[in-house]
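Report on one structure; see the data block that follows.
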Amino acid sequence: MKDASESGCERCVVAIDGPVASGKTVVGEALARRFGWRLFDTGVMYRAATWQAQRQAVHLDEHETVAELIRGSTFQLVPCPDQDSTRLDVYVDGVDATPHLRESAVESGVPTVAAIAEVRALMVEIQQREAAQGCMIVVGRDIGTVVLPDAPVKIFLEASEEVRARRRAAEQNGGVDEESVLVATRRRDARDRNRHASPLVAASDAVTLDTSDLTLQESIDIAEQIVRERIPNLSASGDAVPPARG
């Protein structure tokens with residue numbers, strides 16, 4: 001993967017937002033691979049914060065205590081050691097939290113932690129510092145509105161509740177029924193869209209892409225087209241090519 005010093009594309013940052021199972025991460029990762037950039041899934045930060053609170057035995061409903069813990073913790077993002085990966089691993093106080101971020105306890109607790117205003121403020125600071133490194137696809141739920149309001153490219157991925165529930169159920173390899181996933185999806189949507197701190201909403205200058213009736217490949221191709229339209233001097237390899245003079 002390229003860094004800013006290698007490619008000179010420090011303003012080539014793409015913000016991708018959207019609700020759960022809208023395709024943010026998979027589309028973002030595909031774009032990162034195509035351009036040779038890093039993928040920053042900001043959701044891992046909230047998962048890491050949740051894991052930190054749980055391993056320190058802090059009750060997640062004690063918002064002030066959770067915020068105090070996160071404020072005193074050190075979060076570090078490092079490139080995944082797999083050379084073919086675009087992703088960033090997250091360390092908390094020197095411990096690799098990445099293997100724990102999909103545990104069921106973290107899954108169930110992260111919506112509570114992500115809704116804590118002070119935790120979100122702390123995470124946004126980290127996210128903005130990381131995105132300043134350049135040449136990055138940044139995905140989340142408030143990237144275009146809060147984290148990177150000046151990003152040159154903003155995409156808001158959307159899909160119907162039913163389609164997103166079907167995708168989530170498929171990810172569980174038949175372990176859950178689609179109806180229960182649909183109920184959980186609606187509940188998560190309501191929490192994300194109605195929370196006081198950084199609610200999920202499309203930025204006014206974002207391009208909305210509804211993936212309900214699109215294949216994954218079609219979604220990726222359209223997203224790439226949006227990026228290239230917004231950054232017209234982007235080369236095939238993902239470098240920002242200076243415009244010709246004269």
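The sole residue among 165, 169 that is over 21 Å from residue 69 (Cα atoms), touching a residue at least 60 places away in the same chain (Cβ under 8 Å) and more than 13 Å from the chain's Cα centre (by Cα) is 165.
Of all residues in region 148-164, exactly one satisfies the criterion of being crowded, with 24+ Cβ neighbours inside 10 Å and more than 11 Å from residue 16 (Cα to Cα), namely 164.
Taking region 94-115 as the range and being at pLDDT below 95, assigned to a loop (DSSP other than H, G, I, E, B) and within 16 Å of residue 66 (Cβ to Cβ) as the test, only 115 passes. Among residues of region 101-112 that are among the small types (Gly, Ala, Ser), those with a Cβ under 8 angstrom from a residue that is open to solvent by less than 80 Å² (accessible area, probe 1.4 Å), sequence gap 6+ or separate chain, pair up as 105/54; 109/50; 109/53; 109/54; 109/60.
The values are calculated or read from the model by the stated rules, or taken from the named source; none is laboratory data. The structure displayed is predicted, hence computed values, not measured ones. For neighbour counting, all protein chains shown are included, and Cβ atoms are generated from backbone atoms with ideal geometry for every residue, glycine included. All accessible areas refer to the heavy atoms of the entire protein, side chains included, with ligands and DNA or RNA removed. Shrake-Rupley method; radii C 1.70, N 1.55, O 1.52, S 1.80 Å.
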